[in-house]
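For reference, the structure is listed below as structure tokens.
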Amino acid sequence: MTFHPSFTRSGLRFVSRDSVGRRASLHQFTITEHFRTFRALVTMKVVVVGGGVVGLSSALCVKERCPQAELTVVAAEFTPNTTGDGAAGIIQPQLWDVTQEELTWLQWTFDHLSRLYKTEFSSQIGLFCQSGYNVFDREVPDPPWKDIVHGFRHLTGEEAKKFPGYSYGWFTTTLMLECRSYLPWLTQRLKEKGVKFEQRKIASLSEVCSDYDVVINCCGLSARTLLNDQGVKPGRGQIVRVHAPWIKHFLLTHNLSTTYYNSPYIIPGINVVALGGLNQLGDWDEGWREEDEKKIWDGAVEMIPSLKGARVVGKWTGLRPVRERIRLERDTVNDTPVIHNYGHGGYGVTYHWGCALQAAILAAKAMDYIAAKTSSSRVPKSRY
Ligand SMILES: Cc1cc2nc3c(=O)[nH]c(=O)nc-3n(C[C@H](O)[C@H](O)[C@H](O)COP(=O)(O)OP(=O)(O)OC[C@H]3O[C@@H](n4cnc5c(N)ncnc54)[C@H](O)[C@@H]3O)c2cc1C
């Protein structure tokens, strides 16, 4: 069964199709209906905890669809000090273990960015199109997202021979989004819409619950301490950025005996090329390690020898907020609706807009319920 989202005049529409493409069922999320009810009744106070790519995009999705909400973003750190600021920004999810829901979030993100790509903002927000290689040490099945990115094809035997130690591969074209440019742009758009920003570290979600009607929790890796979610752990990465304008394609190597992103990758950005290939699970060290730098260099130069002389222009360490699955659901803390949106691992840029849209739907439902409750005390709990 596949799940096809599309935007309609009245909201979001999903059509499920069975394996031979027959339409099986149709679900309609009438976002505008929820907001219309809510808008007529009362202005709600909404807080987004987290100023990373997930928090800011969630804030924008709520604000664009619900202009009357009084929205505040509270975060300990904002751009340029969030995880996304250092990420390479390739739009590509995990290879095979992708749920139907994640495919939908990917599709929404891809569609949204494809629309932005056609606007005059594209270069300002660090958005561009790039082709490149995923190479493997053995033959592998195709990924479930092969029809979402563009031009998916298998490498020919001759092409695969270019990459020592890798015998099989795919060539695709995808979008790239550099958060160092995108996050300032999102911040500016939110400020223009009257969203307030507060820089502070909170000790628990209940700290904000008493002051707001709805909380949207996008605290990334901090969910481990803020919510005691032991399923969240760091996936430590190091990136060396080099000046190498002759590199025009991304190269992601996959050694199937290790976890994702634990073998060399080379990803060109708009101005510099990111070299990486570490995903150290459970490692909280944000300091730079020489031995890891050597590993990254050795791996990159083995793949593309011309990188040997490339000038280093930046070094960055980041912790991916790894979780078995992204947590995107409604919860209640001290009687306040809380929408969780965290645990995006190495794919937060890839899924950000789809998840933000889904969080906005959940927030709208919560606000709609509160508004209805305000006007009538006889709303059935089941609508909550
Ligand atoms: C080396 C590396 C490379 C990557 N490359 C890619 C890539 O190419 N493509 C891709 O899709 N993804 C990539 N990622 C993953 C991506 O960067 C993350 O998934 C994404 O940035 C997570 O965003 P977030 O907003 O959830 O978390 P964060 O950016 O970590 O933001 C969390 C926010 O919550 C705030 N916060 C936390 N605790 C508190 C508190 N107690 N009080 C107040 N505020 C709090 C923080 O200050 C911050 O503002 C990469 C990650 C790394 C480390």
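State which residue pairs qualify: first residue over 20 Å from ASP97 (Cα atoms) and inside region 142-165, second residue small (Gly, Ala, Ser) and in a loop (DSSP other than H, G, I, E, B) in any location, beta carbons under 8 Å apart, and separation of 6 or more residues or different chains.
Short answer, once both residue conditions are applied: ALA160/SER167.
Give me the pairs: first residue in region 349-361 and under 12 Å from THR104 (Cα atoms) and part of a helix (DSSP H, G or I), second residue among the charged types (D, E, K, R) and more than 9 Å from the ligand (Cβ to nearest atom), beta-carbon distance under 8 Å, and six or more apart or on different chains, which are they?
TYR351/GLU102
Give the residue that is farthest from the ligand (Cβ to nearest atom), with candidates limited to residues of region 68-90 that are over 17 Å from the mean Cα position of the chain (by Cα) and in a loop (DSSP other than H, G, I, E, B). Full working, then the answer.
Kept after step one, since they are over 17 Å from the mean Cα position of the chain (by Cα), are these residues of region 68-90: 68-77.
Retained after the next criterion (residues that are in a loop (DSSP other than H, G, I, E, B)): 68-69, 76-77.
On the way: GLN68: 25, ALA69: 20, ALA76: 4, GLU77: 4 Å.
Result: GLN68.
Please go through region 216-243 and pick out each residue that is among the small types (Gly, Ala, Ser), out of contact with any helix residue (DSSP H, G or I) (no Cβ under 7 Å at 6 or more places or on another chain) and farther than 30 Å from LYS365 by Cα. Show your work before the answer.
Of region 216-243, the ones among the small types (Gly, Ala, Ser) are 220, 222-223, 231, 235, 237.
Filter again for out of contact with any helix residue (DSSP H, G or I) (no Cβ under 7 Å at 6 or more places or on another chain), leaving 222-223, 231, 237.
Correct list: GLY237 only.
Enumerate the strands (runs of 3 or more DSSP E) found wholly within region 100-212, keeping only those where 2 or more residues are closer than 23 Å to SER58 by Cβ.
Working: elements: 127-136, 150-154, 168-177, 196-199.
Because the criterion is at least 2 residues that are closer than 23 Å to SER58 by Cβ, the strands (runs of 3 or more DSSP E) in region 100-212 that meet it are 168-177, 196-199.
Residue check, GLU64 against (1) out of contact with any Lys or Arg (no Cβ under 7 Å at 6 or more places or on another chain); (2) within 11 Å of the ligand (Cβ to nearest atom), all met but one. Which one?
So GLU64 meets the others, but not (2).
Take the residues of region 246-304 that are within 22 Å of TYR166 (Cβ to Cβ) and of a type in the set (D, E, K, R): which is surrounded by the most Cβ atoms within 10 Å (Cβ to Cβ)?
Across region 246-304, the extreme among qualifying residues is ASP292.
Being more than 10 Å from the ligand (Cβ to nearest atom) and either farther than 30 Å from VAL140 by Cα or touching a Lys or Arg at 6+ places or on another chain (Cβ under 7 Å) (or both) is the requirement here; does HIS254 meet it?
Numbers: more than 10 Å from the ligand (Cβ to nearest atom): yes; either farther than 30 Å from VAL140 by Cα or touching a Lys or Arg at 6+ places or on another chain (Cβ under 7 Å) (or both): no.
No: the conditions fail for HIS254.
Look at region 285-330 and say how many of its residues are of a type in the set (Val, Ile, Thr), away from the ligand (no atom under 14 Å from the Cβ) and in contact (Cβ under 8 Å) with a residue 40 or more places away in the chain.
Residues in region 285-330 being of a type in the set (Val, Ile, Thr), away from the ligand (no atom under 14 Å from the Cβ) and in contact (Cβ under 8 Å) with a residue 40 or more places away in the chain: 3 in total.
Looking at region 72-98 only, could you name the residues that are surrounded by fewer than 16 Cβ atoms within 10 Å (Cβ to Cβ) and modelled with pLDDT of 95 or more? If you could, list the steps in order and put the result at the bottom.
Keep residues of region 72-98 that are surrounded by fewer than 16 Cβ atoms within 10 Å (Cβ to Cβ), which gives 76-77, 80-81, 96-97.
If the condition is that a residue be surrounded by fewer than 16 Cβ atoms within 10 Å (Cβ to Cβ) and modelled with pLDDT of 95 or more, then ALA76, GLU77, PRO80, ASN81 are the ones that fit.
Within region 207-241, how many residues turn out to be farther than 30 Å from GLU70 by Cβ, of a type outside the set (D, E, K, R) and either surrounded by 22 or more Cβ atoms within 10 Å (Cβ to Cβ) or within 14 Å of the ligand (Cβ to nearest atom) (or both)?
Here is the first cut: in region 207-241, the ones farther than 30 Å from GLU70 by Cβ are 230-231, 233-241.
Then drop every residue that is not of a type outside the set (D, E, K, R), which leaves 230-231, 234-235, 237-240.
Pick out the ones that are also either surrounded by 22 or more Cβ atoms within 10 Å (Cβ to Cβ) or within 14 Å of the ligand (Cβ to nearest atom) (or both) and you get 234-235, 237-240.
Selection size over region 207-241: 6.
Would you pick out the residues in region 91-105 that are over 11 Å from the mean Cα position of the chain (by Cα) and within 12 Å of the ligand (Cβ to nearest atom)?
Taking region 91-105 as the starting set, the residues that turn out to be over 11 Å from the mean Cα position of the chain (by Cα) are 94-101, 103-104.
Once the filter is applied, which keeps residues that are over 11 Å from the mean Cα position of the chain (by Cα) and within 12 Å of the ligand (Cβ to nearest atom), region 91-105 yields only GLN94.
The values are calculated or read from the model by the stated rules, or taken from the named source; none is laboratory data. Keep in mind that what you see is a predicted model, and the values were worked out from it rather than measured. Neighbour counts run over all protein chains shown; Cβ positions are idealised from the backbone, glycine included.
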